[in-house]
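Some notes on the structure that comes next.
The numbers here are math on the coordinates, done by the rules we state, and not lab data. Please read all numbers here as calculations on a predicted model, not as lab measurements. With ideal geometry, Cβ positions are generated from the backbone for all residues, glycine too; neighbour counts draw on all protein chains shown.
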Amino acid sequence: MIDELIPNELHDEFKAFRHELQKIILQHAESCPFCKKIEFYIIRSKPTKTYHCKNCHKYFTASTNTPFNRLIPFNWLETIFTSRIKNISYTNIAKNLGISFEKVMRRERAIINYLQTYYPLLHKWYTQQKQATLIPILAEQYKTIKAKVTALLNEQNPTCIHCDSNETAKIGTRTCYRCKRCRNSFNIVSNTSLNRIPKPELWLQFIDLLVLDKNNSQIATILSLHSDTVHKWRSIWCNMMKYWHCEALATWCEHK
């Protein structure tokens with residue numbers, strides 16, 4: 001029984017969350033998520049049951065305004081949730097469901113976000129028990145990203161993009177250099193989206209916080225950044241992870 005794996009003090013939150021999942025799986029809506037009124041009707045049953053509110057005239061589904069929106073089929077959510085509690089790996093879950101590794105991870109990310117908002121005690125236990133150690137593929141890609149960024153930040157004499165000379169010197173604390181031969185300056189990340197991110201001294205710490213599953217508000221507080229800046233940086237770094245063929249880590253770090 002899955003209940004036996006849950007601490008006694010968390011049984012109420014666990015049952016409540018599974019009840020919420022069941023409503024989403026059955027696509028059952030009790031009220032409009034926008035105006036909270038109960039006067040609505042079904043306008044479409046497939047592929048996702050869609051409702052129309054008589055009060056605010058908006059359309060919605062059972063998953064609207066939740067992290068599970070559009071993550072169909074919804075029955076995968078409970079399977080992934082209970083499987084992870086049983087310590088079944090992402091790879092085996094993906095194999096059992098016949099889906100990709102990334103789809104499993106994306107749905108668990110949605111589960112974690114939902115728990116964090118509505119069931120904080122269950123979220124704390126679930127993340128500490130199941131996410132304390134990165135699975136091998138994430139750990140390997142995390143190591144790869146850290147190595148690439150460290151190499152960029154510690155580059156001493158990159159080749160000049162203007163004259164191909166190696167007689168270059170760093171300017172300031174960014175990734176900018178000046179060529180001693182042609183006297184032109186250049187940025188070694190000018191052809192990447194990293195060129196849009198200032199404060200390279202924070203890059204490694206920012207990546208660490210992403211991997212530690214910190215949300216935007218937490219990262220903004222820790223690094224003394226604006227929340228909009230954190231949102232922008234997260235998007236850029238996830239794109240860079242994909243560019244460097246670390247798609248699994250990018251999926252892990254994305255907020256859906």
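Of note:
- Of the trypsin sites (Lys or Arg not before Pro) in the range 79-175, the ones in a loop by DSSP (not H, G, I, E or B) with at most 14 other beta carbons within 10 Å are LYS86.
- If the chain linking LYS58 and THR117 were pulled fully straight, counting 0.36 nm for each residue of separation and taking away their Cα-Cα distance, it would gain 18.8 nm.
- Dipole magnitude for the range 136-253: about 380 debye, using +1 per Lys or Arg Cβ and -1 per Asp or Glu Cβ, origin at the Cα centre.
- Segment ALA16-THR221, length gained on full extension (0.36 nm per residue, minus Cα span): 70.7 nm
- Counting other Cβ atoms within 10 Å as a rough exposure proxy, the listed residues THR229, THR117 run THR117, THR229 from fewest neighbours to most.
- Pairwise Cα inverse-distance average, inverted: Kirkwood Rh of the range 83-124 (Å): 10.9
- Cα pair distances exceeding 28 angstrom across the range 111-256, given as percent: 29
- The range 186-253, dipole about Cα centre (Lys/Arg Cβ +1, Asp/Glu Cβ -1), debye to the nearest 20: 160
- Descending semi-axes in Å of the chain, equivalent ellipsoid built from Cα gyration tensor: 43, 22, 16
- Taking the Cα centre of the chain as reference, the dipole from Cβ charges on Lys and Arg (+1) and Asp and Glu (-1) amounts to some 800 debye.
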